[in-house]
1. Identify all residues within the range 43-52 that are touching a residue at least 12 places away in the same chain (Cβ under 8 Å) and either part of a loop (DSSP other than H, G, I, E, B) or within 12 Å of Leu91 (Cα to Cα) (or both); write none if there are none.
2. Name every residue in the range 25-78 that is touching an Asp or Glu at 6+ places or on another chain (Cβ under 9 Å), hydroxyl-bearing (Ser, Thr, Tyr) and loosely packed, with under 13 Cβ neighbours inside 10 Å, in order of residue number.
3. Would you please name the residue that is farthest from Glu64 (Cα to Cα), looking only at residues in the range 78-111 that are without any contact (Cβ under 8 Å) to a residue 40 or more places away in the chain and of a type in the set (A, V, I, L, M)?
4. Would you check if Val55 is touching a residue at least 24 places away in the same chain (Cβ under 8 Å) and part of a strand (DSSP E or B)?
5. Looking at Lys56, Lys25, can you tell me which residue is under 15 Å from Leu102 (Cα atoms), basic (Lys, Arg) and more than 13 Å from the chain's Cα centre (by Cα)?
6. Could you list all residues from the range 58-68 that are in a strand (DSSP E or B) and either over 14 Å from Val7 (Cβ atoms) or polar (S, T, N, Q) (or both)?
7. Kindly indicate whether Ile15 is in a helix (DSSP H, G or I), among the β-branched types (Val, Ile, Thr) and under 18 Å from Ala107 (Cβ atoms).
Amino acid sequence: MPDDVEVLRAQNVKIGDAESSGDQKWLASALAPEFAFFRADGETFDDAGRFLQKVKASSPRNTEVESVEIIGNRAIVKCLVTQDTKKYHNLRLFVRYGESWLLLAWANEPI
């Protein structure tokens, strides 16, 4: 059985894959009931509904997980996401909810 670090690493790669394929259904299942997203433009905040509405099939994303830090039932994942020639640093906050890790907050910025 995979440990929590492995699960969170895989889940973060899957987030990028789901964004690229436009898989709104899977992404919705990975989000906490309340969700906050700060976009790389440095100005836009999205909740789950606005985030999911903007998910459309696009060019592939490559997600490189830098670190996973688990603190009780919370986890902070840092990763680099590359799409085409653009690179973004992502900070993602997860909470353990039942048997799952749900994404509660996400902030990214270009690098």
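FYI, it's all coordinate maths here, none of it is from the lab. Fair warning: this is a prediction, and the values are worked out from it, not measured in the lab. All Cβ positions, glycine included, derive from the backbone under ideal geometry; neighbour counts span all protein chains shown.
1. Scanning the range 43-52 gives a single hit, Asp47.
2. Scanning the range 25-78 gives Ser58, Ser59.
3. Leu93
4. Here the answer is no, as Val55 does not meet what is asked.
5. Answer to the selection: Lys25.
6. Once the filter is applied, which keeps residues that are in a strand (DSSP E or B) and either over 14 Å from Val7 (Cβ atoms) or polar (S, T, N, Q) (or both), the range 58-68 yields Arg61, Asn62, Thr63, Glu64, Glu66, Ser67.
7. yes
Rundown of residues vs (1) of a type in the set (Phe, Trp, Tyr); (2) closer than 20 Å to Ile111 by Cα, yes/no style:
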{"position": "Asp3", "(1), (2)": "no, no"}
{"position": "Ser20", "(1), (2)": "no, yes"}
{"position": "Leu27", "(1), (2)": "no, no"}
{"position": "Phe45", "(1), (2)": "yes, yes"}
{"position": "Arg50", "(1), (2)": "no, no"}
{"position": "Arg61", "(1), (2)": "no, yes"}
{"position": "Ala75", "(1), (2)": "no, no"}
